[in-house]
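Structure record follows, encoded as structure tokens.
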Amino acid sequence: QVQLVESGGGLVQAGGSLRLSCAASGRIFSINTLGWFRQAPGKQRDLVAAITRGGTTTYADSVKGRFTISRDNAKNTAYLQMNSLKPEDTAVYYCAADKSLWLVRTKDEYDYWGQGTQVTVSS
């Protein structure tokens, strides 16, 4: 089993920044991809960004140029730096982990999930 704990969410004004962290524990040697998803009220959970153990990344078009995903394998932690935040970025942000050998983009393929952290961007 793998446990994921997110932190760093909060309330920020439009144009501001937040940095989310996802700390992994347990059978972390089995994990390749760490991803960030978000879910706004009444909407589906969508991929924001993901990163493999080797550093390959992918981003949703809506966050390219504003968000940066990174990973510290020694600390078993993934980060999501969010800049130039917009009200439409408001959502619960979830960290997810997957054991596949390739970068995974769809939520149904992820094996483990954190509890989520709320990000609210005011206009």
*Give, as residue ranges, the strands (runs of 3 or more DSSP E) completely inside the stretch 28-123 that count at least 2 residues that are more than 20 Å from S17 (Cβ to Cβ), at pLDDT 95 or above and among the aliphatic types (A, V, I, L, M).*
46-51, 91-98
*What are the residues in the stretch 29-48 that are surrounded by 17 or more Cβ atoms within 10 Å (Cβ to Cβ) and either under 14 Å from D72 (Cα atoms) or among the small types (G, A, S) (or both), if any?*
I31, N32, T33, L34, G35
*Based on what the data block shows, is L20 buried (at least 20 other Cβ atoms within 10 Å of the Cβ) and touching a Phe, Trp or Tyr at 6+ places or on another chain (Cβ under 8 Å)?*
yes
*Across the stretch 92-123, which residue is surrounded by the fewest Cβ atoms within 10 Å (Cβ to Cβ) among those that are over 18 Å from L4 (Cα atoms) and of a type in the set (G, A, S)?*
S123
*Using beta carbons and a limit of 6 Å, which pairs, at least six apart or on different chains, have the first residue in the stretch 67-87 and under 14 Å from E6 (Cα atoms) and the second one modelled with pLDDT under 95?*
N76/I28
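The values are calculated or read from the model by the stated rules, or taken from the named source; none is laboratory data. Since the structure is predicted, the reported quantities are computational estimates derived from the model, not experimental observations. We place every Cβ from the backbone using ideal geometry, glycine too, and count neighbours over all the protein chains shown.
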